[in-house]
Amino acid sequence: MNRNSEKIVVLIADIAESTHLYDRMGDITATNMIKKCLSLIQEIVQQQMGDVINTTGDRANCIFWDATSAVLAAKGMNEAIENYIINDTDDGMPINLHIGIHSGPVQNEENEIFGDTVNMVVRVTKTAKPRQILITEQVFNDLEATLKPSAQLTTTIAVKGNSSPLNLYEFIWEDYDTTVAIDRDKLNGLKTVQNRCLELTVQNQTYEITRHVPRLKLGRQSQNDLVIRDKSVSRFHALIELKNDKFVLNDQSTNGTFVNPQEGKPYCVKQTEAYLEGTGVLWLGEDSGLDSPRAIHYRIKPYSCINNMAKLR
């Protein structure tokens, strides 16, 4: 790479909760696993014609010449590590990545990249959750048209010296879609959600699904948006998303998701989809009762009351 480059796409892949890996697995095992993951990252970067500038501890700093290659590499990194780790972890603590991508001019010297672009990527990567790929609007705008539907505006971050916040998009790399038989009469009878949001509350935490934050991951692992720590809950248990103007519960679990609507009979959703309407309660893994700390209360309310772009955490 030239010492000063006009525009480069910078990707940082950071292994999540690496200190916990050492605590749980021991120094030797954790070190070997991290080395293997960094090696997989390098392979994927090379496949997309990029370069790993350096690795520092549990982080890889990478560059690409176009946005599409960077995003495809990020997707490939997550898939490769997931395939590697799936049979080696049975305690609910696999290796996951935070990934941030931004583009702009960078400076390079002795296998180091630096400058405002790199500083911004660091901020974006720190904002990303485990297993999440966050890209800036510059990267989104430069993506091939076929990839843009997989990117959703998720949140914003403040930029020093700029009155306008920076938009961040999440690139959805996991495929949660399940082909199911849908009752078309029921589908047509449901109200649209253009002016509504789905609010979920568990204990003192509230989450919202809106046009701007259209999906919520639920499960036992920490990379989910809503985490329920219980042996009956799957690592990735379910996804609730705004889909075709409906709130859709997509269960991917072993034990199912139990739903008790205020109007209607209780039912279980297991490895299929269901529509959420009105008000009710749901449980992951088993029905533990209305007063259980695991009970997730949901309600659909007017969207006009939502002022923030990001769901509450």
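Do you know which residues across segment 24-71 are of a type in the set (V, I, T) and in contact with a Phe, Trp or Tyr (Cβ under 7 Å, 6 or more places away or on another chain)?
At the first step, the residues of segment 24-71 found to be of a type in the set (V, I, T) are 28-29, 31, 34, 41, 44-45, 52-53, 55-56, 63, 68, 71.
Passing the criteria: only V71.
Put simply, of L284, L249, L276, L239 the only residue that is free of Cβ contacts under 8 Å to residues at least 60 places away in the same chain and of a type in the set (A, V, I, L, M) is L249.
Take N250 and tell me if it is part of a strand (DSSP E or B), buried (at least 20 other Cβ atoms within 10 Å of the Cβ) and on the phi < 0 side of the Ramachandran plot. Taking the combined requirement at face value, the residue satisfies it.
Taking the criterion of being of a type outside the set (S, T, Y), without any contact (Cβ under 8 Å) to a residue 60 or more places away in the chain and farther than 19 Å from H98 by Cβ, would at least one residue in segment 220-231 satisfy it? Within segment 220-231 (the criterion being of a type outside the set (S, T, Y), without any contact (Cβ under 8 Å) to a residue 60 or more places away in the chain and farther than 19 Å from H98 by Cβ), the answer is yes, since at least one residue qualifies. The single condition among (1) part of a helix (DSSP H, G or I); (2) at pLDDT 85 or above; (3) under 20 Å from the mean Cα position of the chain (by Cα) that I28 does not meet is (3).
The values are calculated or read from the model by the stated rules, or taken from the named source; none is laboratory data. Values in this document were obtained by computation on a predicted structure and should not be read as measured data. Methodologically, a virtual Cβ is constructed for each residue, glycine included, from the backbone with ideal geometry; neighbour enumeration extends over all protein chains shown.
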